[in-house]
Amino acid sequence: MSTVLDTDVVQGDSASDRPRFAVVGVAAVVVCAAIALGLSIGRYGFFGDELYFISAGRRLAVSYADQGPALPVIARSMDLIAPGSLVAVRIPAVLVTLVAIVVTAQIAREFGGSRSAQVLAATAYAVSPFLLPQGGQLSTNVVDTALWVVICWLVVRWVRTRRDSLLLWAGLVTALDMQVKWLVPFLWLALVLGVLAFGPREMLRRPALWCGAAVVAVTMAPSLIWQARHGWPQLGMGAEVAAEQDSIGGRFTFVPLAVGSAGVLGVLLLICGLWALFRAEVLRPYRFLGVVPPVLIVAFVLTDGRPYYVVGCYAAVLAAGAVWWTRRSKTLLRNGIAVVLAAVSAVIVILVLPLQPERELPPAPAEDGMSSLLYAKFGWPELAAATAATYRSLPAGDRATTVLITDSYWQASALDVYRKTYGLPAVYSPSRGFGYFGVPPDSARTVLWVGGDEADLRSRFGEVTAAGRVETRLGLPGVTRDVTIWRCADPREPWSRAWPGMLKL
């Protein structure tokens, strides 16, 4: 027999039938989250990907080898408003994270949750050691996650109201998300499988849903054309992601990392939410949502995805769990447990946020896949300064035909962003999306190559000598720490012919 929630959970079709939105409580949660993010977004330096977004934004295109154009547009816009400002670049990430907190509370309200349920759902999102801290840094995932939350809210609201315009809006948000990264089709696949299994199947017959799908197809056409012309590099990113995941345990650690990212309170509500979606009579119309997390986990495990790919669907399940948890029976005990778990989760979030003084951080360990999350925020100005010093040490005659090539796209992005500040020449890299930004001119007979393998360089140039060194205490090994700058001359092939074979994702 299905478990029926208590009478503080009301389901209806009109605003008067539902609990009022918990404005004060949710606002308090949002303010606390904003303060936490506000204290952290100015810490340390740009993350490597943030520099890449800025650099890509200076070369706007309908698509990139490894992402859509949305993040480069955002980063470029913020850099134009406040050039060189770390805080400005990260403000959009903060804003979308705060919006996701509010929308999570709204999902609980759509489920018929009381005000306490709405606040609890918002709190669970805000004290997640992944969902909140990721908002302190501009990334494709922070925007993608927030858009998934909005899509889930629109679908849930359609189930309650049957207003077809909501499905069209869900399509428009999906179209926007496809300009960020190509993961949202997995969400829709999971939603469709859930709807086929538990209903409401009439959703799949609504013209508004297919109109939204048409909008997605039309808006994706330019990107797909770009990808086709360049050999579909974005599809090749799967192998690169799989290799990165192997460094942190691969598929064996996927589920623990994916579930643990919800936090202590979040894990409890995820369990309660899945139980409620499958067993609570009042949530029967939304039972299809219970299928979404396991389908996504299986899909991303099979495709060697990253554990955090699945977190965008958590908001709906957290909201369902909050509705179940805040039922009237045993309110005092339940509230006490929720408060304790929220406090523990908040402490973990504080420990995860980048609040520790820079001088107290230990030097970076050998690169292990996880260390880059912190140490890729250090050493970029030092990298630019060391490269500039090496460049100035070249004979004046050589400088006129010298270009910079870096081993990684992070290095290239940093040198490109700081190029004017340090008086650097044109920057190129065969790495990731930067390799598609341009090819060194065939007239470039001298190259300062930052990083890279000496044996590989000797196979490409007639002359290779160590010309400089990059060392930073907190830099990432092999990227901004323990890096050799090579002077390479007499390329064995013209760049126009050699470059396509050098590209690497």
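The values are calculated or read from the model by the stated rules, or taken from the named source; none is laboratory data. Given the structure is predicted, the values throughout are model-derived calculations rather than measurements. Quick reminder, even Gly has a Cβ in these numbers, built from the backbone with ideal geometry, and neighbours come from all protein chains shown. Note: areas computed on protein heavy atoms with side chains; ligands, DNA, RNA excluded. Shrake-Rupley method; radii C 1.70, N 1.55, O 1.52, S 1.80 Å.
Structural remarks
- Taking first residues from region 389-412 that are closer than 20 Å to residue 50 by Cα and partners that are surrounded by 14 or more Cβ atoms within 10 Å (Cβ to Cβ) and of a type in the set (S, T, N, Q), the Cβ contacts under 6 Å between residues at least 6 apart in sequence or on separate chains come to 406/429; 408/431; 409/429; 409/431; 412/406; 412/429.
- Residue under evaluation residue 196, criteria (1) over 25 Å from residue 98 (Cβ atoms); (2) buried (at least 20 other Cβ atoms within 10 Å of the Cβ), criterion not met: (2)
- Taken as a whole, the condition of being open to solvent by less than 30 Å² (accessible area, probe 1.4 Å), more than 31 Å from the chain's Cα centre (by Cα) and of a type in the set (Gly, Ala, Ser) applies to residue 444.
- The lone criterion from (1) open to solvent by less than 60 Å² (accessible area, probe 1.4 Å); (2) out of contact with any Phe, Trp or Tyr (no Cβ under 6 Å at 6 or more places or on another chain); (3) within 30 Å of residue 361 (Cβ to Cβ) left unmet by residue 486 is number (2).
- Which numbered condition residue 294 misses (of (1) touching a helix residue (DSSP H, G or I) at 6+ places or on another chain (Cβ under 8 Å); (2) within 18 Å of residue 192 (Cα to Cα)): (1)
- Taken over region 413-423, the residue count meeting the criterion of being open to solvent by less than 10 Å² (accessible area, probe 1.4 Å) and either under 16 Å from residue 466 (Cα atoms) or touching a Gly at 6+ places or on another chain (Cβ under 9 Å) (or both) is 2.
- Check on residue 270, assigned to a helix (DSSP H, G or I), closer than 23 Å to residue 134 by Cβ, in contact (Cβ under 8 Å) with a residue 12 or more places away in the chain and touching a helix residue (DSSP H, G or I) at 6+ places or on another chain (Cβ under 7 Å): yes
- Matching residues in region 199-233 - criterion: being open to solvent by 60 Å² or more (accessible area, probe 1.4 Å), in contact (Cβ under 8 Å) with a residue 40 or more places away in the chain and not in a helix (DSSP H, G or I): 230
- Condition broken by residue 180, with the remaining ones in (1) assigned to a helix (DSSP H, G or I); (2) surrounded by 14 or more Cβ atoms within 10 Å (Cβ to Cβ); (3) at pLDDT 95 or above satisfied: (1)
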